[in-house]
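A short write-up of the structure that comes next.
The values are calculated or read from the model by the stated rules, or taken from the named source; none is laboratory data. Please read these numbers as outputs of a predicted model, since none were measured by experiment. Here the Cβ is made from the backbone with ideal geometry for all residues, glycine too, and neighbour counts use every protein chain on show. To get the accessible areas, we keep the full protein, side chains included, count just its heavy atoms, and leave off ligands, DNA and RNA. Shrake-Rupley method; radii C 1.70, N 1.55, O 1.52, S 1.80 Å.
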Amino acid sequence: MTRRASRAVETEASPEMLYLWICQLRRAPYSYDCLDHFGRRSPRPADPAMRALEVGQPVMTIFSLSDFTVNRSLTISMASGWPSLVFGAITVRYAIVPSASGRTVLRADLLMPPLDGPLAGLRRYLLAWGDLFMMRKQLRTLAALAEEDTADASNASRGISGARLVPTVRRLQR
């Protein structure tokens, strides 16, 4: 039986900015970099060139892009070879969904087909819990980065420069 695991975060980020950041998964995992990116920090800022998607492109080293809808979703599948042997034929769909509160939801749905072998059940169980830990961090990181960029874009459209506005307190001279 194929198992489904869903994870989601709600954010103030615009759908376009969230899409830009999920496209960055082609470059890095944006999770716990010490565990899944060989200790290197996932790149910041976003690279707009990552939006040039084609089915089959590598994503996070062990996945390949299998489908996408611009500004709405990105679907990746476990790459063939050792990744599929270790983790199984997992598919992950990242979706950007408007929420009833007027915010945006970044949702990830994992489809995990059954594994073969004597420890298959235990492997699938451990993978689901390990992924919960990693995916939660990933979604929160992507949402936070997209929120920062959404705020920067909003400030720029109002003619305010600078990534973060820092209030300045001046001491009055007597």
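Below is a table of values for the structure above.
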quantity: From the options LEU106, LEU25, residue that is in a helix (DSSP H, G or I), modelled with pLDDT of 90 or more and surrounded by 19 or more Cβ atoms within 10 Å (Cβ to Cβ); calculated: LEU25
quantity: Residue, farthest from the chain's Cα centre (by Cα), within segment 1-22, restricted to residues that are at pLDDT 85 or above, of a type in the set (A, V, I, L, M) and outside any helix (DSSP H, G or I); calculated: ALA5
quantity: Condition check for ARG158: at pLDDT 80 or above, among the basic types (Lys, Arg), over 21 Å from PRO48 (Cα atoms) and open to solvent by 30 Å² or more (accessible area, probe 1.4 Å); calculated: no
quantity: All positions within segment 104-122 that are in contact (Cβ under 8 Å) with a residue 40 or more places away in the chain and out of contact with any strand residue (DSSP E or B) (no Cβ under 7 Å at 6 or more places or on another chain); calculated: PRO113, PRO114
quantity: Pairs, first in a helix (DSSP H, G or I) in segment 60-87, second open to solvent by 30 Å² or more (accessible area, probe 1.4 Å) and β-branched (Val, Ile, Thr), C-beta under 8 Å, six or more apart; calculated: PRO83/ILE62; PHE87/ILE62
quantity: Condition met for SER101 (without any contact (Cβ under 8 Å) to a residue 40 or more places away in the chain and either open to solvent by less than 40 Å² (accessible area, probe 1.4 Å) or of a type outside the set (Lys, Arg) (or both)); calculated: no
quantity: Hits in segment 2-16 (condition: open to solvent by less than 30 Å² (accessible area, probe 1.4 Å) and either under 22 Å from GLY88 (Cβ atoms) or out of contact with any helix residue (DSSP H, G or I) (no Cβ under 8 Å at 6 or more places or on another chain) (or both)); calculated: ALA5
quantity: Filtered residues of segment 109-122 (kept if closer than 17 Å to SER73 by Cα and open to solvent by 40 Å² or more (accessible area, probe 1.4 Å)); calculated: LEU111
quantity: Any hit, segment 123-146, residues being of a type outside the set (Gly, Ala, Ser), in contact (Cβ under 8 Å) with a residue 60 or more places away in the chain, part of a loop (DSSP other than H, G, I, E, B) and open to solvent by less than 70 Å² (accessible area, probe 1.4 Å); calculated: no
